[in-house]
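Here the structure is laid out as C-alpha cells; the discussion comes afterwards.
Laboratory data are not the source of any read-out in this text; all were calculated from the coordinates shown. These numbers come from a predicted model, not from an experiment. Here Cβ is always computed from backbone atoms with ideal geometry, including for glycine, and neighbour counts include all displayed protein chains.
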Amino acid sequence: MEVTDEMVEAGSRAAYGDHFERYRGLIRRALDAALVKAERERAWQPIETAPGDGESVLLWYPSAGRAFDGFTYRYDDGTIGASSGLIKGSDPSHWRVHLDPPLPSQVTK
C-alpha cells in the first residue's frame, strides 16, 4: 500500500482543519513510517529476533521447505528457542506474525 497525496490531505484536514497545510509533511512522514513498520512486522524475520514470549507465530523450517505454526521462547542466556511440535531435530531459520484471517464477508461458502 502506498500513501497518496489525497490520503495525506484528508488526514491533515480531519486532524488540523484550516491549518492542514502546516502539518501536511508531518502527517506524510508519520504515515510512511507506519506503513514501513507494518510491512517489516509482517515480513519474515531471522529467528534470533523472535519475541521469545510464547506467542504463537509462524516458523520457517528450511529442512521441510515450509512454515509451521509454533512459538518461541527465550533461554536464560538470552538465546531464542522455538518449537512447532511437528518438526523434530531441526531448527527454524525465520519467524513472522500470523496475518489476519479474511473477513466473514470475504469468505465464500
With +1 on the Cβ of every Lys and Arg and -1 on the Cβ of every Asp and Glu, and nothing else charged, how large is the dipole of the range 1-73 about its Cα centre, in debye rounded to the nearest 20? 100
Linear extension gain, F68 paired with D100, 0.36 nm per residue minus alpha-carbon span: 9.9 nm
Could you work out the mean projected area of the convex hull around the alpha carbons of the chain, in square nanometres to one decimal? 11.0
Quick one: angle between helix 5-16 and the longest Cα principal axis of the chain, in degrees between 0 and 90, rounded to 10, please. 70
Take every Cα pair under 8 Å in the chain that's 6+ residues apart, average their separations, divide by the length, and report that relative contact order as a whole percent. 23
Dipole check, the chain, charges on Cβ (K,R +1; D,E -1), about Cα centroid: among A14, P104, G52 the Cα furthest to the positive pole belongs to P104
Could you give the nm distance between label points at D76 and R24, where each point is 7 Å from its Cα heading toward the beta carbon? 6.0
